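Asker: Provided herewith is a single structure, encoded as structure tokens, for subsequent inquiry.
The values are calculated or read from the model by the stated rules, or taken from the named source; none is laboratory data. If you're wondering where the values come from, they're calculated on a predicted model, not measured in any experiment. With ideal geometry, Cβ positions are generated from the backbone for all residues, glycine too; neighbour counts draw on all protein chains shown. Protein only, heavy atoms only, side chains kept; ligands, DNA and RNA dropped before computing areas. Shrake-Rupley method; radii C 1.70, N 1.55, O 1.52, S 1.80 Å.
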Amino acid sequence: MTRNILIYDTTLRDGEQAPGCSMNLDEKLSVARQLELLGVDVIEAGFAISSPGDFESVQRIAATIKDCSVSSLARSLPKDIDVAWEAVQKAVNPRIHLFLATSKVHMQYKLRMSEADVVSTASRMVAHAKRYCSNVQFSCEDATRSEREFLALVLGEAIKAGATTVNIPDTVGYATPEEMSDLIIWLREHVVGIDNVAISVHCHNDLGMAVANTLAGVRGGAAQVECTINGIGERAGNAALEEVAMALKTRADHFDASIALDTTKIYHTSKLVYSLIGQGVPLNKAIVGTNAFLHESGIHQHGVMAKRSTYEIMTPEQIGIFQNNMVLGKHSGRHAVEDRLKELGYRLSPDELNTCFEAFKVICDKKKSVSDSDLEAIVNTGSAAVLAVASGAPVALASGMSVNSETSKSYLLQNFDVHSGKESTAVSVICLRHAGKDFEEVSLGDGPVDAAYNAIAKIMGLKNVQLASYTIHSTSDGTDALGEVVVKLRCEENLVTGRGLSTDIIEASILAYINAGNRLILKND
Ligand code: KIV
Ligand code: ZN
């Protein structure tokens, strides 16, 4: 009989903890809302005890999300479990996810615990979690490198103590697909009580087999798959949700399984996550890559024109890419822009639409045609910063979109002059307007961006601020392409994101830094 496979999304926990993937509270909330629209079954919102910021975001997500279960990770320690419960208890369907390593190397060198201690801790801690919550998931960290008999013993004790889901992580991405399916089949035969709980698989991508291993787990009998959007996660990442989902859907015949996901939300969700972490979509990324549905060779084009299924095993529409032959440019009206944004998955308020449309018009003066990626960058950038410079006059626009919110306290770029050369030290002159007055600073730097950032930091009084990440990518091809810069600034506990968009990449870099600085000032107010 066809089984329904549950999708457990850990983008906001295992994904977000990877270098370069940090998100702030607002960003995590927007991802959680999008995951709810996508229809995942469980959102792992974070690791509540790991920091006050994580606690707050798990708590906010738990209180906001209605259509998915919300889970927090916890080590097998009473305090972790107490805090995880405190964070998720307001969820419609809360889950506590606790873990304990079961491989020899982890037990001996990391935990310094004997096998007997691990068995009894697993049992006691599941029972502890169970006092709070009926929905308890227990993971044997490094399960695929654990001795099978011992793994079966620990899992059996966890089930006896009340675990409702048992997760089998391939923590270091070591397993092969054959081993993974074989392990799940073996556990189903040897773990006491396993028929009464859901088996989950959680695979890392160190050898590039995370998706294959996850699917092999399903073949072996797993009822839940743990994934992240775009496969972000520790080291080489986790199993990519969009790949696992589309494999299960496209090859439902092979897996004899179904998923409850609305796959037409995949593309938008993927773009959102890439945009929030400041990465461009890799060209050849399966399912969501720019080239995923392009056919370049003549033979392929001919085949697809005769019958799409010659070279297409799924359609772009299935993941939410709706082809549109209309070119947006100078002569396009507000309705055309609004319609295209709707097709791309954006629902904007009238004010947000106005802001975007103004930015769109400004960009049309610089570019002949505005692509979908340009349009998405306009929305993600919140548009205000683009307009502030591109129109030549400062525009303070509040935007409820994903990022920007310029206020009367914001600094706005008035002018910049940046010089750099092979034999000379980079120098910048930056002029910002704040509360009706202009402020100018000159700074040197290790390159044009550094010089500009030094001057901006002086004007805005940004002290003890660390540039946690800087990314730049072009939203389309051609030398007139828009450069989208995303910077993350860290100041003590606060992590803020700033964005800038311009056909001039120095300008985009400057706008992104000012945008982030304004957000930091707003937070510290
Ligand atoms: O990879 C892993 O083992 C984990 C566990 C905490 C589930 O992320
Ligand atoms: Zn993991």
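Asker: For Asn324 and Asp438, what does the FRET efficiency come to when R0 = 45 Å and r is the distance between their Cβ atoms, rounded to the nearest 0.05?
Answerer: 0.55
Asker: Placing +1 at every Lys and Arg Cβ and -1 at every Asp and Glu Cβ, with all other atoms neutral, what dipole size does the chain have around its Cα centre, in debye to the nearest 20?
Answerer: Around 660 debye, computed over the chain.
Asker: Work out how much length Ser51 to Leu522 would gain on full extension: take 0.36 nm times their residue separation and subtract the Cα-Cα distance, in nm to one decimal.
Answerer: 167.4 nm
Asker: Ok, one more. Find, among the trypsin sites (Lys or Arg not before Pro) in the range 78-138, those assigned to loop by DSSP (not H, G, I, E, B) with at most 11 other beta-carbon atoms within 10 angstrom.
Answerer: Those that pass, being in a loop and sparsely packed, are Arg112.
Asker: How many nm separate the modelled label positions at Leu467 and Arg148, each set 7 Å beyond the Cα in the direction of the Cβ?
Answerer: Between Leu467 and Arg148, the label points sit 5.4 nm apart.
Asker: Using amide H atoms built 1.01 Å from N in the peptide plane, name the residues 5+ places from Leu6, or on other chains, whose amide H lies under 5 Å from its own.
Answerer: Hits under the 5 Å cutoff: Gln224, Val225.
Asker: Arranged from highest to lowest average of other beta-carbon atoms within 10 Å per residue, in what order do the peptides 489-497, 191-199, 209-217, 353-361 appear?
Answerer: Taking the mean over residues of other Cβ atoms within 10 Å, the ranking is 209-217, 353-361, 489-497, 191-199.
Asker: Sequence gap at least 6, Cα distance under 8 Å: using those rules, report the relative contact order of the chain to the nearest whole percent.
Answerer: 10 percent
Asker: Another question, then. How high is the FRET efficiency between Arg131 and Asp339 when r is their beta carbon distance and R₀ equals 56 Å, given to the nearest 0.05?
Answerer: 0.60
Asker: Picking from Gly478, Leu511, Cys491, whose Cα lies most toward the positive end of the charge dipole for the range 336-525 (charges on Cβ: Lys, Arg +1; Asp, Glu -1)?
Answerer: Cys491
Asker: Counting only the heavy atoms of the protein chains, how much of His302 is accessible to a 1.4 Å probe, in Å² to the nearest 10?
Answerer: Using a 1.4 Å probe on the heavy atoms, I get roughly 130 Å².
Asker: If you bin every alpha carbon distance in the chain into 10 Å steps from zero, what whole percent lands in each bin?
Answerer: 4, 18, 26, 23, 17, 10, 3, 0
Asker: Still on this model: For the residue pair Ser258 and Thr479, what label-to-label distance in nm results when each label sits 7 Å from Cα along the Cα-to-beta-carbon direction?
Answerer: So the two model labels end up 5.5 nm from each other.
Asker: Residue by residue, what Karplus-based ³J(HN,Hα) values in Hz, rounded to whole numbers, does the range 199-207 have, using 6.51, -1.76 and 1.60 with θ = phi - 60° and x for Gly and Pro?
Answerer: Going residue by residue, I get 9, 10, 10, 9, 10, 9, 10, 4, 9 Hz, with x marking Gly and Pro.
Asker: What nm value, rounded to one decimal, do you get for the distance between Asp365 and Asp351 when each label is placed 7 Å out toward the C-beta?
Answerer: Simple spin-label model gives 2.5 nm for this pair.
Asker: Just to verify a number: FRET efficiency for Glu492 and Ile299, C-beta to C-beta distance, R0 = 51 Å, to 0.05?
Answerer: 0.30
Asker: While we're on this one: When ligands, DNA and RNA are left out and all protein chains stay put, how many square angstrom of accessible area per residue does the range 3-277 have with a 1.4 Å probe?
Answerer: Per residue, the range 3-277 has an accessible area of 36 Å².
Asker: Name the residue from Cys68, Ala175, Phe138 whose Cα lies farthest towards the positive end of the charge dipole of the chain, charges +1 on Cβ of Lys and Arg and -1 on Cβ of Asp and Glu.
Answerer: Result: Cys68, furthest along the dipole toward the positive end.
Asker: At a 1.4 Å probe, what is the % contribution of carbon and sulfur to the accessible area of the chain?
Answerer: C and S fraction of accessible area: 51 percent.
Asker: Below 8 Å between Cα atoms, with a sequence gap of 6+, how large is the relative contact order for the range 444-525 in percent?
Answerer: Answer for the range 444-525 is 24 percent.
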